[in-house]
Amino acid sequence: MALLPQIKTRVALHAHRQTRGLLDGEYAAAQVGRSMEFNDLRDYVRGDDVKDIDWKASARTRSLLVKRFEAVRKHTLTIVASSGRSMAAHLDADTTKREVAVFTAGVVGLTAVRHGDQVGLVHGDAVEQHAVPAGSGELHLERCLESLHAATTTDTAPADLAALFAFVAKNVRRRTLMLLVCDEEDLDEDAVAGLRRLVVQHEVLVLLLGDLRPATLTADRSNRVVDVDTGTSLPGWALTDRQLAEDYASAVGEGYERLAVRLDSLGVVHERVHDGPTALAAVFRLLERHRRAGRR
């Protein structure tokens, strides 16, 4: 199943001129400063930065020489995604979190590929974690998306973001632009502590996927709602209790606000995805916020 062509189609259908320009435009670099890729030496000319003088080479040749550096414009995007079984649950009546995770990762990955940048993937659950090394091109991105799609099922272990972040910290050593896609309910205290360590080394963006709201289901779809982690069915009466629905929505909103404050305090740009149809808009908002943050 080819995933990237489907993502391209949705972007083409839904992106109006302004957001398409954002997708094709610049984004903040993960690294600052001049390149450290040495190219060659040349004679010093007036106006050159004295910091570029190669004193050892100058002493050997008895001629003042400066180092020339080759501009390196490529950066690396690392997609970090939870593949715990909660990510196989429904985000809304028609869309699973897995579908949205693959789609949003694909949109941001496509942005990087169009810039000539490299894309890597890390995914995992409470039992195992896996990494796809960074590579270039759409074929490599397709392989990353297929790996994430195949790893996220209702038969996998529960999510464990703290374990996933520990794996990332151990295996992703070079500074990257990092996109985290996860269930917002899984970003607990231990996970936030692990995220704090990643923020020190990497530039982190976060897309949080919410839970299905049973009150939004139509009668023909509300006959059996099951928690993928526990296998417990939600009682039918709970689907029609308006007060319960309002209380649930309020509790979820308050929980997200607390989490948003934590992420803001870490300097992490983040967005929340409520359902499948608004996922693309959430990605554009995330990229725009990141672009503006990079200019400050």
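A few comments on the model shown:
- Here Lys74 passes the criteria (1) under 30 Å from Leu280 (Cβ atoms); (2) modelled with pLDDT of 50 or more; (3) in a helix (DSSP H, G or I) except the one numbered (3).
- Any hit, region 96-103, residues being assigned by TED's automatic domain parsing to the domain that holds Gly47, touching a helix residue (DSSP H, G or I) at 6+ places or on another chain (Cβ under 6 Å) and either of a type in the set (Val, Ile, Thr) or under 16 Å from Pro158 (Cα atoms) (or both): no
- Of all residues in region 192-231 being at pLDDT below 65 and of a type in the set (D, E, K, R), the one that is surrounded by the most Cβ atoms within 10 Å (Cβ to Cβ): Arg221
Okay, residues lined up against (1) in a loop (DSSP other than H, G, I, E, B); (2) touching a Ser or Thr at 6+ places or on another chain (Cβ under 7 Å); (3) of a type in the set (S, T, N, Q); (4) on the phi > 0 side of the Ramachandran plot:
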| residue | (1), (2), (3), (4) |
| --- | --- |
| Ala131 | no, no, no, no |
| Ala134 | no, yes, no, no |
| Asp155 | yes, no, no, no |
| Arg197 | no, no, no, no |
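- Scanning region 59-72 for residues that are touching a residue at least 12 places away in the same chain (Cβ under 8 Å) and surrounded by 10 or more Cβ atoms within 10 Å (Cβ to Cβ) yields Ser63, Leu64, Leu65, Val66, Lys67, Arg68, Phe69, Glu70, Val72.
- In the set (1) touching a Leu at 6+ places or on another chain (Cβ under 6 Å); (2) closer than 22 Å to Val273 by Cβ, the condition left unmet by Leu195 is number (1).
- Within region 174-202, residues that are in contact (Cβ under 8 Å) with a residue 60 or more places away in the chain reach partners that are in a loop (DSSP other than H, G, I, E, B) and among the acidic types (Asp, Glu) with beta carbons closer than 7 Å, at six or more positions or on different chains, in the pairs Glu185/Asp211.
The values are calculated or read from the model by the stated rules, or taken from the named source; none is laboratory data. All of these numbers come straight from a predicted model, not from anything done at the bench. Every residue, glycine among them, receives a Cβ derived from its backbone with ideal geometry; neighbour counts consider all protein chains shown.
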